[in-house]
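As structure tokens, the structure follows; a few thoughts come after it.
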Amino acid sequence: MAGKWLETLQQTSSGRPVFLENEIECSLVSAVDLECDELSDFPSLKSGLLILTTHRLLWLPPDSSTSSTSSAVSLPLSSVSQIFSSKKSLKSMFHSPRVRFQASLNPGPRSVAITIVMRGKGDCDAFLGKFWENWRARAWEKESESTRSGRGGDSQSGSGSANVSGGLYTREGAVRMVGVSGILRKEQEMWESTDKSLQEAFLDLNALMSKAKEMVMLAEKMRQKLLTGSNSQTGTTNDEEMGSKEEMQDWLLSVGIISPVTKESAGALYHQQLSRQLADFVRIPLERAGGMMNLIDVYCLFNRARGTELISPEDLLRACSLWDKFDVPVMLRKFDSGVMVIQNKSHSDEEVFARIKALVTKPDALRTGISPSDAAMTLGIAPGMAKEHLLTAESKGLLCRDISPDGFRFYINLFADINTDDVYLIKDHSMYATWVRVASASS
């Protein structure tokens, strides 16, 4: 039903909306209804999450909603023809805040009035102001023009500031003045020169930030092309080419997130939306890392991708702790030692234990054991993570640990093969028998 009048909105695995190219979210409001009294078959959109972006209005159903009629929908701001100002009256004090606007819906050019009903604690006036601002900005039309005009405006403002700073003295030469008047003139000239330098510095900073945004968008385009190319040419590319493409995809993925969730745009929903965005972000790095990553590594990667919108370790930990409430494919795990990692829900410790057992039962390992560094090379992970896996395998009874001045050494657990009634009895084809043969050969 929603597809008749509104466009269906695609969502990620964590429930975040899939944004368009160069689209940035500006405001989020929870517990929002969308109503249209002029259309009898307008879809029932109740108590959802409303997201205002530079290009669209996005409505997402609540997490508890299981009705097929409450699917995520979107409305382009280009279809909005008028936004009505809110009127303060005695009646408005007793019902939920409302924002009304006129829009052309599909199909046909029919224009109807749509009402946004805010039943939560969102700031209606702040949302209305951002709604006006993004609708008037028309970012979907003027992206290329804004870049060119920004460069022209920079040069004009730079020349204007130069004229102001040079207004105290003529081009033929400054008239030298003595006494208090000369000191004051000299002081004023110094302050104006400093102000000019600051203006030029901020202009350079703005240009750098705009260039950085362009690079992020370019990186995303290149990554999408690589993904589509790798999917269409899987049978014709060799392993070396596929490896280089995957490495390039990883590098482009870490360049930046085009629309990071911020406290200014999300408000009270900041940690909830940050949690969903983080779940989408770590999906590919987790696949490359074998299904598990240290929380510190994720923190560095995520902050590098967010650019200037950095988050604190407390925000990251709180976002990860919210995954239990959402249906996302990742989870936060804490080892007995206190080390916290992020892993896929499909990650299996049994597969890791099988690889550790294959390593620890090699002839050299039977004699000398293995260290966390040896396990790290086999598993392709950091030594700290490998040590946690070894300690977990020890707690399961697979390994035994020896602590020496050189550090930890882990051995295969042979106690299960030893008969307590006859410790000298060696069973054929047992791990204990293999260990005896290896030890005898080495001596």
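The values are calculated or read from the model by the stated rules, or taken from the named source; none is laboratory data. Please read these numbers as outputs of a predicted model, since none were measured by experiment. Cβ: placed from backbone, ideal geometry, glycine included. Neighbour counts: every protein chain shown. Note: accessible area is taken over every heavy atom of the protein model, side chains too, but ligands, DNA and RNA are not part of it. Shrake-Rupley method; radii C 1.70, N 1.55, O 1.52, S 1.80 Å.
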Ranked order, E141, E264 - accessible area, probe 1.4 Å, largest first: E264, E141
Taking 0.36 nm per intervening residue step and subtracting the Cα-Cα distance, what contour gain separates E314 from F326 on full extension? 2.4 nm
Using 7 Å Cα-to-Cβ label points, what is the Q82/W140 separation (nm, one decimal)? 2.0
Pseudo-spin-label distance D41 to E287, built 7 Å along Cα→Cβ, given in nm, is 3.9
By how many nm would the segment from A382 to N419 lengthen if fully extended, with 0.36 nm per residue of separation less the alpha-carbon distance? 9.6 nm
³J(HN,Hα) across segment 390-403 via Karplus (A = 6.51, B = -1.76, C = 1.60, θ = phi - 60°), whole Hz, x for Gly/Pro? 5, 5, 5, 5, 5, 5, 7, x, 7, 10, 10, 10, 10, 9
When the solvent-accessible surface of protein heavy atoms is calculated with a 1.4 angstrom probe, in what order do F84, F131 fall, highest first? F84, F131
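Grab the other residues whose beta carbon is less than 11 angstrom from that of N106, score K and R as +1, D and E as -1, and report the net.
Details: positive: K4, R110; negative: E7.
Net of charged neighbours comes to +1.
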With a 1.4 Å probe and all protein chains in place, put T434, T115 in order of accessible area, largest first. T434, T115
Enter the accessible area of R437 (Å², nearest 10), with the probe set to 1.4 Å and all protein chains included. 140
Would you calculate the volume per residue, in Å³, of the smallest convex hull containing every Cα atom of segment 260-347? 93
Theoretical gain in end-to-end length, D406 to E192 [0.36 nm per residue, Cα-Cα removed]: 70.5 nm
Tally Lys and Arg at +1 and Asp and Glu at -1 over the other residues with C-beta under 11 Å from the C-beta of P329: what net charge comes out? -1
